[in-house]
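Undergrad: For reference, the structure I am asking about is given below.
Nothing in this text is a laboratory measurement; each read-out follows from the coordinates by a stated rule. Since the model is a prediction, treat every value here as computed from it, not as a measurement. With ideal geometry, Cβ positions are generated from the backbone for all residues, glycine too; neighbour counts draw on all protein chains shown.
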C-alpha cells in the first residue's frame, strides 16, 4: 500500500500541469453551452486521466529502466546514443521525469566516457565496477520489480566484464545496435510464458552438441591456461590465437559461428547459451582460459552473465596501433 501511495504521489506531482488543465476543462465543460465542444472536452479529459492511470499502473506492476554504456569519440555520438536508448524505451513506458522523482536520474542509468580505453586493465575494471554500482543504486531506489534494459556502445572486451558483474540474478533485456536503431535481441527477464523470453539462470544451462549456431574444435588435452578463439562476428581472431598458442606451447580451442557472421534470428539467446556452455565446460578441465574474441555486444554480455565474476578467464582486446591482442580484464578479479 505504501508503494502505491508513493508511486501515485510521484505521478501526480509530475503531472500537476496536466491535472490543472483537466480541472479547467471540467469547469469549461460545466459552463460552456455548446454540445459538440462538451463532447470534445469530455474525450480529452478521459484520455488525460487514462494516461495518468496508465503511468500509475505500469510503474506499480514493473519498472523498466535503461542501463547504458557509451564510450564515444565526440559529443554528437553520445547524444545520438542517448536519443536511441530513450526512443527504444518508449515501448516500456520509461519516462525520465517520473523515474527522476523515484530517485533514478540520467546520471544513474547512463555511463559515458569520452575517448577510447587504453591498454591499462585498471581503467577497464574501474568502468565495470561503476556499472555494477549503478545496478545496486537502481535496485535500491526502485525497490522492485525492476527490469534492466542494457544498451552498449563500447568495446566488446569490456562488455564481457559488464555481463560478468551483472550475473544471472538480475532481470535484463539486452539490446543490440543495428543500422539506425537498437533492437532487443535477448530477453533474460524471467517471463518464460512469453515467446523468446528466458529465465536469466538458464544462461548457465549445459547444452550438448551438435550445436546449431557454433562449431567448437577442442583438443583432447587442455593446458593451463587454454587459449580460446571466439569468432561470432566478422573478423576471426583464429590466426593470432593459433600463432600465440604455438609460441607458448599451449592448447587452443576454436569456437566458430555457423551463421556466416550475420544472425538473422530475432532471438539471440541460443547462440549465446551454446557458447557459454562450451566455455563453462572448458573450465571444468582447464583452470584458466584466455579468451580472444570478436562477437556482437549483446551476445558478449549474455556470455559474461553466464561466466560470472568468479570465473578464471582473462578477456583480450585487439589494439590496432600495437597490432596485438592484450589482456584487459580478469573476470575473477572483478568480484
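Undergrad: Kindly list the number of the only condition in (1) out of contact with any helix residue (DSSP H, G or I) (no Cβ under 8 Å at 6 or more places or on another chain); (2) not in a helix (DSSP H, G or I) that fails for residue 201.
TA: With respect to (1) out of contact with any helix residue (DSSP H, G or I) (no Cβ under 8 Å at 6 or more places or on another chain); (2) not in a helix (DSSP H, G or I), residue 201 is out only on (2).
Undergrad: If you scan segment 210-224, which residues turn out to be surrounded by fewer than 18 Cβ atoms within 10 Å (Cβ to Cβ) and farther than 17 Å from residue 258 by Cβ?
TA: Within segment 210-224, 219, 220, 221, 223, 224 meet the criteria.
Undergrad: Quick test of your reading of the structure: residue 180 fulfils all but one of (1) surrounded by fewer than 13 Cβ atoms within 10 Å (Cβ to Cβ); (2) closer than 17 Å to residue 296 by Cβ; (3) touching a helix residue (DSSP H, G or I) at 6+ places or on another chain (Cβ under 8 Å). Name the failing condition by number.
TA: (3)
Undergrad: For segment 185-198, how many residues meet the condition of being closer than 18 Å to residue 145 by Cβ and not in a loop (DSSP other than H, G, I, E, B)? Spell out how you get there, then give the answer.
TA: In the first step, residues of segment 185-198 are kept if they are closer than 18 Å to residue 145 by Cβ; the result is 187-194, 197-198.
In the following step, the residues that additionally are not in a loop (DSSP other than H, G, I, E, B) were identified as 187-188, 197.
Number of matching residues: 3.
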